[in-house]
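The values are calculated or read from the model by the stated rules, or taken from the named source; none is laboratory data. Given the structure is predicted, the values throughout are model-derived calculations rather than measurements. Cβ coordinates were reconstructed from backbone atoms using ideal geometry, including for glycine residues, and neighbour counts include every protein chain displayed. The protein model used for the area step is the full one, side chains on, heavy atoms only, and it has no ligands, DNA or RNA in it. Shrake-Rupley method; radii C 1.70, N 1.55, O 1.52, S 1.80 Å.
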Protein chains: 2
Amino acid sequence: MLNESPSLDRVFHALADSTRRAMVERLALRPMSVSELASPFAMSLPAVMQHLAVLEESGLVRSHKAGRVRTCRIDTETFGLVERWTADCRSEWEGRLDKLEDYVNTLKGQQK
Amino acid sequence: MLNESPSLDRVFHALADSTRRAMVERLALRPMSVSELASPFAMSLPAVMQHLAVLEESGLVRSHKAGRVRTCRIDTETFGLVERWTADCRSEWEGRLDKLEDYVNTLKGQQK
DNA sequence: GGAATACTTAAGTGCATGCTTAACGAATCA
DNA sequence: TGATTCGTTAAGCATGCACTTAAGTATTCC
């Protein structure tokens, strides 16, 4: 299993906060400005900016500024990191279960 | 999108630490005792126990004790939570891109 | 029974995280 | 030009996290 720990640390940590996940869910609907993104959250704008910084450092979100407006969008490529890691773990485990099943079947065959 | 925040918080937080991810990767190979699980890590056993507690509370790992040995195994069902959430975000986003593409194609058609 | 094994609990420490308020900067509008 | 809007920076604070060491508690082995 390939070890991309530093970025996986960042990605999972970014997603471990429900405010940040809600921000990602909002940005999955469409790109939006910082203040529009912030509007449903009962916290100060600097707090939202800090969450946004965490999301950007993780690679889950990108943004660019035009005039005084910063527009944010999600970057689905980074979601691939998460999906790949979990799928790798799962397939390793399920492959093992299959081999175990084969082994049990072999034993059953020998008993006859 | 269904909001399973409390458990998603726990699951993502559990996976945000490289030691805990390495523990999960080890347990994906096969179930093992606490001390075997702990053996490759350069930290005290209590530290490993604390990581294990986080993993168990998240539902990613289960364990049971027989005699003085506690055996740990991963629970792939909980991985489904992660996979579902990320897939939901991705499909929401990609659905939007498709609709945008349709719209662009409509405009192109109108130009002719 | 006594020693070794396999965990478990408790308490403490230093650093990271998630906020806050209070300014400040820069683009747009009247 | 002056006011407003949109975002940014800085500083501070309470809480949480990832460890540590030290001292337990059951089991199993000899």
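If A:G59 satisfies all but one of (1) within 9 Å of DNA strand D (Cβ to nearest atom); (2) at positive phi, what's the number of the condition it fails?
Every listed condition holds for A:G59 apart from (1).
Residues B:A47, B:A38, B:A87: which one is without any contact (Cβ under 8 Å) to a residue 60 or more places away in the chain and within 23 Å of A:E77 (Cα to Cα)?
The conditions single out B:A87.
Out of the residues in region B:24-45 that are open to solvent by 70 Å² or more (accessible area, probe 1.4 Å) and within 14 Å of chain A (Cβ to nearest Cβ), which is farthest from A:E92 (Cα to Cα)?
Among residues in region B:24-45 that are open to solvent by 70 Å² or more (accessible area, probe 1.4 Å) and within 14 Å of chain A (Cβ to nearest Cβ), the one farthest from A:E92 (Cα to Cα) is B:P40.
Open to solvent by 80 Å² or more (accessible area, probe 1.4 Å), more than 16 Å from DNA strand D (Cβ to nearest atom) and assigned to a helix (DSSP H, G or I): does that describe B:R90?
no
In region B:38-47, what count of residues is obtained for those that are within 8 Å of DNA strand C (Cβ to nearest atom) and either under 22 Å from the mean Cα position of the chain (by Cα) or at pLDDT below 95 (or both)?
So the answer is 1.
Return the residues of region A:1-33 that are away from DNA strand C (no atom under 11 Å from the Cβ) and among the β-branched types (V, I, T); say none if nothing qualifies.
Selection gives A:V11, A:V24.
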